[in-house]
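Visitor: Okay, handing you the structure first.
The values are calculated or read from the model by the stated rules, or taken from the named source; none is laboratory data. Small disclaimer: the values here were computed from a predicted structure and weren't measured. Neighbour counts are summed over all protein chains in view; Cβ atoms, including those assigned to glycine, are modelled from backbone coordinates with ideal geometry. Remember, those area values only see protein heavy atoms, side chains included, never the ligands or the DNA or RNA. Shrake-Rupley method; radii C 1.70, N 1.55, O 1.52, S 1.80 Å.
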Amino acid sequence: MASKAPKKANLLDHHSIKHILDESVSEVVTSRGYVEDVRLSNVRLFIGAIIIVIALFAQFYKKKFPENRDFLIACIALYVIFNGLLQLIIFTKEKSAILFTYPPVGSFTSTGLVVSSKLPRFSDMYTLTIASADPKSISANEPVHFTKSVTQWFTKDGILVEGLFWKDIEALIVQYTKEPKKSK
């Protein structure tokens, strides 16, 4: 179920807490037969590589500044366009998602999951949401979520009590899979 080494977080750093919780959520969901869908990450990496190539061309073009002015302007324009595209993908598709999955092997559903989480700054309330990767699909269930205090999953030394946390996540997954299908 859980790894042998305990997961420890700096309780004064909400990024550290969220990172450990998100990592554990991914472990639980994938252990339930859902395979991670990394296509969106691959698209983002590809666009990032294009941006790097554009920057390298701009930096190491064979002509020096006054002669390569038009080329530099074109590189800067492409750099801005591809960065804008990357931000658009992150803003519209990824949002606060920590995991995209394919449907479980052998299941009757045709859609995977989108698992997202929130831990606002200066708050101990962690919100986990499980929704369909394709909300318009006929096999999509209504999204389910819970909001709970992170203090119930960590010891005073910052060690995650994985058993309690896994139980809460598994209950949410069961709630999602048993949720009646949306009416169209």
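Visitor: Mind giving me the nanometre distance, one decimal, between the label points for Lys167 and Lys4, set 7 Å out from Cα along Cα→Cβ?
Guide: Placing both labels 7 Å along Cα→Cβ, they lie 2.5 nm apart.
Visitor: I'd like to know which of Ile50, Ala77, Phe65 lies farthest towards the positive end of the charge dipole of region 40-94, counting +1 on Cβ of Lys and Arg and -1 on Cβ of Asp and Glu.
Guide: With unit charges placed on the Cβ atoms, the residue in question is Phe65.
Visitor: How do the peptides 133-142, 57-66 rank, highest first, by the average count of neighbouring beta carbon atoms within 10 Å per residue?
Guide: Result, highest mean first: 133-142, 57-66.
Visitor: Describe numerically, in nm with one decimal, the distance between label points set 7 Å from Cα along Cα→Cβ at Val80 and at Met125.
Guide: About 4.1 nm separates the two model spin labels.
Visitor: While we're looking at this one, here's another question. Can you give the Rg to Rh ratio for region 40-94, taking only C-alpha atoms and Rh from Kirkwood?
Guide: Taking Rg over the Kirkwood Rh, I get 1.09.
Visitor: Pop out the carbon and sulfur fraction of the accessible area of the chain as a percent, whole number, probe 1.4 Å.
Guide: Summing carbon and sulfur atoms, their accessible area is 63 percent of the total for the chain.
Visitor: On to the next question. Enter the accessible area per residue of region 47-147 (Å², integer; probe 1.4 Å; all protein chains in place).
Guide: Per-residue value: 65 Å².
Visitor: Could you name the lysines in cross-link range of Lys118, using Cα to Cα under 24 Å and dropping any fewer than eight places away on the same chain?
Guide: Here the lysines satisfying the reach criterion relative to Lys118 are Lys7, Lys8, Lys18, Lys93, Lys95, Lys136, Lys148, Lys156, Lys167, Lys178.
Visitor: If you don't mind, there's one more thing I want to ask. Can you tell me the 0 to 90 degree angle between the C-alpha axis of helix 14-31 and the longest principal axis of the chain, rounded to 10?
Guide: 70 degrees
Visitor: Would you mind checking which residues have amide H under 5 Å from Ser110's amide H? H placed 1.01 Å from N; only 5 or more apart, or other chain.
Guide: Under 5 Å from the amide H of Ser110: Ser139.
Visitor: Could you work out [θ]222 nm for the chain from helices alone, using -39500 (n - 2.57) per DSSP H run of at least four and dividing by all its residues? Round to the nearest 500 deg cm²/dmol.
Guide: -14500 deg cm²/dmol
Visitor: Here is a further query. Restricting to Cα pairs below 8 Å that are 6+ residues apart, what does the relative contact order work out to for the chain? Please round to a whole percent.
Guide: Here the relative contact order equals 23 percent.
Visitor: Given labels modelled 7 Å from the Cα in the Cβ direction, how far is it in nm from Val38 to Lys118?
Guide: Each label point lies 7 Å from its Cα, and together they span 3.0 nm.
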